[in-house]
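Visitor: Questions regarding the structure given below will be posed in turn.
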Amino acid sequence: MAKEGSNGNSHASTKPPPTPSPLRSAKFFQANMRILVTGGAGFIGSHLVDKLMENEKNEVIVADNYFTGSKDNLKKWIGHPRFELIRHDVTEPLLIEVDQIYHLACPASPIFYKYNPVKTIKTNVIGTLNMLGLAKRVGARILLTSTSEVYGDPLIHPQDESYWGNVNPIGVRSCYDEGKRVAETLMFDYHRQHGIEIRIARIFNTYGPRMNIDDGRVVSNFIAQAIRSEPLTVQAPGTQTRSFCYVSDMVDGLIRLMEGDNTGPINIGNPGEFTMLELAETVKELINPGVEIIMVENTPDDPRQRKPDITKAKELLNWEPKIKLRDGLPLMEDDFRTRLEVPRKN
Ligand SMILES: NC(=O)c1ccc[n+]([C@@H]2O[C@H](COP(=O)([O-])OP(=O)(O)OC[C@H]3O[C@@H](n4cnc5c(N)ncnc54)[C@H](O)[C@@H]3O)[C@@H](O)[C@H]2O)c1
Ligand SMILES: O=c1ccn([C@@H]2O[C@H](COP(=O)(O)OP(=O)(O)O[C@H]3OC[C@@H](O)[C@H](O)[C@H]3O)[C@@H](O)[C@H]2O)c(=O)[nH]1
């Protein structure tokens with residue numbers, strides 16, 4: 001059994017985890033590991049599904065309401081005997097039998113999570129409660145994809161997991177960042193009160209193929225704009241920073257966290273830090289040197305700086321990102337060119 005609370009903090013559960021299904025200890029039955037991925041039709045979720053499906057001992061069930069995700073992201077698995085896709089909203093209970101739950105369901109791009117903020121809060125709070133209820137009933141281990149946004153507009157830099165954050169509780173981003181903070185609280189309360197095996201990843205900005213072209217996040221915006229020869233829209237002042245992790249590195253980190261002994265929270269992200277102006281210059285240089293860069297208005301409460309301290313991920317998960325931004329952007333460009341039907345010129 002995993003040593004819960006072995007992450008160097010004082011959150012150890014006082015209770016043993018609920019008993020897993022008898023299938024886990026069956027001697028003769030060749031049971032597969034049944035893994036639920038909520039939000040599995042989305043960007044990170046679909047890459048996670050690809051990786052989990054590589055293991056022939058895994059059965060993967062995706063539950064998604066397709067708000068920002070798409071069946072298209074999973075088309076290669078539809079009809080596969082070890083794969084199942086359920087149209088399901090996590091704000092409703094789900095009664096299935098599983099061994100692990102990767103709980104990703106939640107819109108992640110600011111324009112989508114602000115579109116219906118009350119629904120975003122329900123997804124984070126009621127959705128996480130429902131998935132914890134499922135984990136408790138069947139004795140499953142559950143991993144939550146939390147976010148660097150729990151640090152708000154951080155006053156310490158880089159951010160390590162001991163930082164409690166600087167978050168506006170009543171702002172337009174609060175449905176997401178406060179929603180994720182409550183989701184983390186629920187995870188630890190279920191762990192302490194009911195002995196549930198939990199894992200919390202604090203994900204920093206992630207990019208890669210399959211992001212929605214009109215997703216609104218900065219990397220997808222800049223790449224689509226550069227390919228379409230439209231001006232790259234840097235939101236003022238342009239000196240705000242982010243740290244960008246390529247999606248295959250992210251998926252590797254999430255699986256290591258799930259399989260390891262540490263509850264987290266653990267930052268998973270790439271510490272390479274860029275201003276938005278630097279990002280625009282890099283995209284311009286790599287994809288379309290002729291494109292214009294323009295400054296546009298920003299949105300309220302935009303964090304001014306963000307960079308993960310990944311000491312804990314290195315020490316506890318033996319994980320660090322491998323793909324640099326300059327190597328990841330062209331991989332994403334290929335995917336965007338295919339979907340936008342704009343081939344490279346030469
Ligand atoms: N991509 C990032 O940079 C980033 C950073 C930090 C945290 N995260 C977290 O990682 C997870 C995945 O992010 P992503 O970038 O793949 O986003 P995404 O929007 O591509 O994927 C989210 C998926 O969740 C589904 N979904 C949304 N609400 C749902 C609901 N109520 N019921 C069922 N399904 C629902 C969507 O349809 C979509 O398929 C999210 O929890 C997000 O908060 C992502
Ligand atoms: O076209 C654009 C879009 C965005 N930006 C800027 O780029 C920066 C990053 O913005 P994004 O919308 O990509 O993402 P944010 O970092 O604000 O939020 C993200 O953080 C981590 C996750 O939880 C989510 O994926 C998302 O909330 C911001 O400073 C924003 O002002 C631009 O300069 N131009």
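The values are calculated or read from the model by the stated rules, or taken from the named source; none is laboratory data. All of these numbers come straight from a predicted model, not from anything done at the bench. When we count neighbours, we look across all protein chains shown, and the Cβ atoms used for this are built from the backbone with ideal geometry, even at glycine.
Visitor: Take the residues of the range 335-346 that are at pLDDT 95 or above and under 12 Å from Ile287 (Cα atoms): which is surrounded by the most Cβ atoms within 10 Å (Cβ to Cβ)?
Guide: Among them, the one singled out is Phe336.
Visitor: Right, here's the next one. Just a yes or no: is a residue in the range 51-58 farther than 28 Å from Asp214 by Cα, surrounded by fewer than 21 Cβ atoms within 10 Å (Cβ to Cβ), in contact (Cβ under 8 Å) with a residue 12 or more places away in the chain and acidic (Asp, Glu)?
Guide: yes
Visitor: Just to be sure I understand the filter: pairs with C-beta atoms under 6 Å, separated by 6 or more residues or on different chains, first member in the range 164-180 and closer than 22 Å to Asp309 by Cβ and without any contact (Cβ under 8 Å) to a residue 40 or more places away in the chain, second member within 13 Å of ligand 2 (Cβ to nearest atom) and aromatic (Phe, Trp, Tyr). Which pairs pass?
Guide: Gly165/Tyr151
Visitor: Looking only at residues in the range 99-113 that are surrounded by fewer than 24 Cβ atoms within 10 Å (Cβ to Cβ) and closer than 30 Å to Pro20 by Cα, which one is nearest to ligand 2 (Cβ to nearest atom)?
Guide: Gln100
Visitor: Six or more apart or on different chains, Cβ atoms under 8 Å: show the pairs whose first residue is in the range 130-147 and more than 11 Å from Leu186 (Cβ to Cβ) and whose second is of a type in the set (Val, Ile, Thr) and assigned to a helix (DSSP H, G or I).
Guide: If the second residue must be of a type in the set (Val, Ile, Thr) and assigned to a helix (DSSP H, G or I), the pairs left are Thr145/Ile44.
Visitor: Looking at (1) crowded, with 20+ Cβ neighbours inside 10 Å; (2) of a type in the set (S, T, N, Q); (3) within 14 Å of ligand 2 (Cβ to nearest atom), can you tell me which one Thr263 breaks?
Guide: Every listed condition holds for Thr263 apart from (3).
Visitor: List pairs: first residue in the range 32-48 and under 14 Å from Ile96 (Cα atoms), second residue part of a strand (DSSP E or B) and charged (D, E, K, R) anywhere in the structure, Cβ distance under 9 angstrom, at least six positions apart or on different chains.
Guide: Taking only residues 6 or more apart or on different chains, the pairs are Met33/Glu59; Arg34/Glu59; Ile35/Glu59; Val37/Asp64; Thr38/Asp64.
Visitor: Any residue in the range 271-292 that is without any contact (Cβ under 8 Å) to a residue 60 or more places away in the chain and more than 17 Å from Ser220 (Cβ to Cβ) sitting within a Cβ distance under 8 Å of a residue that is of a type in the set (Val, Ile, Thr) and in a loop (DSSP other than H, G, I, E, B)? List the pairs, counting only those 6 or more apart or interchain.
Guide: Thr275/Thr239; Leu277/Thr239
Visitor: For the range 295-317, which positions are aliphatic (A, V, I, L, M) and more than 10 Å from ligand 2 (Cβ to nearest atom)? Don't jump to the end; show me each part of the working.
Guide: Pass one, the range 295-317, residues aliphatic (A, V, I, L, M): 295-296, 310, 313, 316-317.
Answer for the range 295-317, where residues must be aliphatic (A, V, I, L, M) and more than 10 Å from ligand 2 (Cβ to nearest atom): Ile310, Ala313, Leu316, Leu317.
Visitor: Would it be correct to say that Thr38 is out of contact with any Gly (no Cβ under 7 Å at 6 or more places or on another chain) and within 24 Å of Glu161 (Cα to Cα)?
Guide: Numbers: out of contact with any Gly (no Cβ under 7 Å at 6 or more places or on another chain): yes; within 24 Å of Glu161 (Cα to Cα): no.
No: the conditions fail for Thr38.
Visitor: Further question on the same structure: Restricting attention to the range 81-102, does a residue exist that is in a loop (DSSP other than H, G, I, E, B), within 13 Å of ligand 1 (Cβ to nearest atom) and under 21 Å from Gly195 (Cα atoms)?
Guide: The first filter runs over the range 81-102 and keeps only residues in a loop (DSSP other than H, G, I, E, B), leaving 81-82, 88-99.
Still in the list and also within 13 Å of ligand 1 (Cβ to nearest atom): 88-94.
Retained after the next criterion (residues that are under 21 Å from Gly195 (Cα atoms)): 93-94.
Taking every residue of the range 81-102 in turn, at least one turns out to be in a loop (DSSP other than H, G, I, E, B), within 13 Å of ligand 1 (Cβ to nearest atom) and under 21 Å from Gly195 (Cα atoms).
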